[in-house]
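The numbers here are math on the coordinates, done by the rules we state, and not lab data. In this text, all values refer to a predicted model and were calculated from it rather than measured experimentally. Note that we place each Cβ from the backbone using ideal geometry, even for glycine, and neighbour counts take in every protein chain shown.
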Amino acid sequence: MFTNTKRKRRSVDLVTLAEACRYLVGYYGSQRAVADKLGLSSEMIREFLTVLKLPIEVQEMVSQRKIDRLDIVRELASLTDRNAQIEAARIVASCSSKDIRDIKRLVKVGGLPVEQAKKAVMESKPKGLHIFLIDVDDQVYEKIKKVAEAERIKPPELVKQVVMQWVSERTMAAEEQGDQ
């Protein structure tokens, strides 16, 4: 069981671990005794058991590993309203770790409801972001750098502006040719 407590190596879901901890607490008589037997802290055992305090709907998401992190389980458990726990679980089950951290920050610091925080995070993501790598020799780079310094911008921003202007001019020229 001990090897199954580390998230990256864990082969079972958190509900299964929590149920095993509950069984062991009943068998050994206390969380402390289980912690000692497994070489874990009492706090870790308590956190695993937290999973079993969540609504069944949330436990199902955890069982399916849609939610597979104890820190998220802890945050869900800290919500006092059962419906809020279920709604928050549905939201975080469909988000990346970074999105979850951003949503959590907006909820805790900004005071936004979870759904609003998720919407704000998702809308703030760049849409259709494409990155191009270009190879230029040192001489060309130094020229770009010099012009960028004169414009008080960074070289990548200058290159972006030049490309955007070029695309705009080419598009207008193509449209004018189409109108003839």
Review point. What does the helix-only formula give at 222 nm for the chain: each DSSP H stretch with n ≥ 4 adding -39500 (n - 2.57), the total divided by the residues, and the result rounded to the nearest 500 deg cm²/dmol?
Key: -21500 deg cm²/dmol
**Study point:** Dipole of the chain [Lys/Arg +1, Asp/Glu -1 at C-beta], most positive-end residue of 16, 83, 67
**Key:** 16
Point to revise | Residues in segment 39-60 that a label on residue 30 would reach, taking backbone N under 15 Å of a point 7 Å out along Cα→Cβ | key: 41-43, 45-46
Practice item. Run the dipole for the chain about the Cα centre, Lys and Arg Cβ at +1, Asp and Glu Cβ at -1, nothing else charged, and hand back the magnitude in debye, nearest 20. Key: 1120 debye
Exercise for review: Taking a cut-off of 15 Å between Cα atoms, list the aspartates and glutamates near residue 145, but don't count ones fewer than 8 places away on the same chain.
Suggested key: 135, 137, 157
Review point. Picking from 116, 128, 100, whose Cα lies most toward the positive end of the charge dipole for segment 95-134 (charges on Cβ: Lys, Arg +1; Asp, Glu -1)?
Key: 100
Revision key, fill the gap. Restricting to lysines and to Cα separations under 22 Å from residue 118, and discarding same-chain partners fewer than 8 apart, the set is 66, 98, 104, 108, 127
Point to revise | Inter-label distance, nm, simple model (7 Å from Cα along the C-beta direction), residue 151/residue 116 | key: 3.9 nm
